[in-house]
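This report concerns only the one structure given below.
Just so you know, all these numbers are worked out from the coordinates, no wet-lab data involved. Computed from a predicted structure; not experimentally measured. Methodologically, a virtual Cβ is constructed for each residue, glycine included, from the backbone with ideal geometry; neighbour enumeration extends over all protein chains shown.
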Amino acid sequence: MRLQFYPMTFVAYSLGAAVAVEKGLSFSLYPYALGYVYLFLLEVCTILANELYDLPTDRINRNASPFNGGSRVLVEKKLAPKEVKTALVLLLSLLVPSGLVLALLCTPSSRISAIVLLIAGIPLGLGYTVPPLKFCYRGVGELIVALTHSPYVIVCGFVFQSGSWTDPSPWVLSVPLFFAVLSAITLAGVPDHRADKRAFKNTFSVLFGEQTACLLALTFATIAVAAGKLLWYFQTLGRLGHLLVLITTPHWIILLMATFPLVKSGTYDRRIDGIMGIALSYIIWFGIIPLVASLKS
């Protein structure tokens, strides 16, 4: 299930709910809880589908790690594809009743928006690797991951608490998180480059080359920290906005210092666990600090 990637989804989802409360809407526990159950199930289904449809590239990946290359459960034959397919079907069947109950729990004013979000999440999540969409094989996989792990889940948290999807607040708060996620997922494709290329998986690394992918990742990380500074400048985060600048700026510098030697060396066909750890932990600040700021308001 690769549970190491789930906390950020929970933080981003909670941020959306906190922003709704900050704007004067009443917090509703049951839609909040069931909404996360739905998103959790959807994320598990996405992971399982990725394990199945990424098996050709996972089998030949020599640089797999906790951050890239899949869970290796199918590669190491700890489970059979049939068992994973059975689990996937069972979990998908749970999405329908949980989604229906959640829609009924939402207020009439937000019900239609909630239903649209619930339905849209399925092709956005499963479509990452599942035909016919296969986003990651068509050169937009990184963008879809950034979309689903930032604006999508934040807006879900906001709408499930009766917020309007047209309100700019959750969208604005998602901008730095979007680019931080995009940076990390772009870097994650670098050690997978050779295996993905042989499997015709068009990640940014395959499309543009490992060096360009690294530079793109650093550019996205820079945009993230710059967007965070704009949130602070325009006092979007209230009294705690300065923390986003004070914490993310040195973290961004550390990410640059860790990645530039990789670019300079040109030795990309290896694991980059240290860099990935820095890139993934960089994401957390753009969710945690806005969440705490919203709760303190």
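For region 195-202, putting each phi into the Karplus relation 6.51 cos²θ - 1.76 cosθ + 1.60 with θ = phi - 60° gives couplings of 5, 5, 5, 5, 8, 6, 9, 8 Hz, in residue order, rounded to whole numbers and with x for Gly and Pro. Annotation: the residues Phe160, Phe220, Phe260, sorted from fewest to most other C-beta atoms within 10 Å of their own C-beta, follow the order Phe260, Phe220, Phe160. Which of Lys229/Lys296; Lys134/Lys197; Lys134/Lys201; Lys23/Lys296; Lys78/Lys197 have a Cα-Cα distance over 21 Å? The pairs that break the limit, which is 21 Å between Cα atoms, are Lys78/Lys197. Mean separation of Cα pairs under 8 Å and 6 or more residues apart, divided by the residue count, gives region 7-296 a relative contact order of 25 percent. Taking +1 at the Cβ of each Lys and Arg and -1 at the Cβ of each Asp and Glu, which of Val130, Ala12, Ala224 sits farthest along the dipole of the chain towards its positive end, judged by Cα position relative to the Cα centre? Value: Val130. A simple rule links phi to the HN-Hα coupling: the Karplus curve 6.51 cos²θ - 1.76 cosθ + 1.60 with θ = phi - 60°, which for region 282-297 gives 4, 4, 4, 4, 6, x, 5, 5, x, 5, 4, 4, 5, 5, 7, 5 Hz, with x for Gly and Pro. Using the rule -39500 (n - 2.57) for each DSSP H run of four or more residues, divided by the residues of the chain, the 222 nm mean residue ellipticity is -23500 deg cm²/dmol.
Globularity index of the chain is 1.00 (Cα radius of gyration / 2.2 N^0.38 Å, N = number of residues). Computed about the Cα centre, the dipole magnitude for the chain is approximately 380 debye when only Lys and Arg (+1) and Asp and Glu (-1) carry charge, each at its Cβ.
Of the residues Phe67, Ala120, Pro31, the one whose Cα sits farthest towards the positive end of the charge dipole of region 7-296 is Phe67 (charges of +1 on Lys and Arg Cβ, -1 on Asp and Glu Cβ, taken about the Cα centre).
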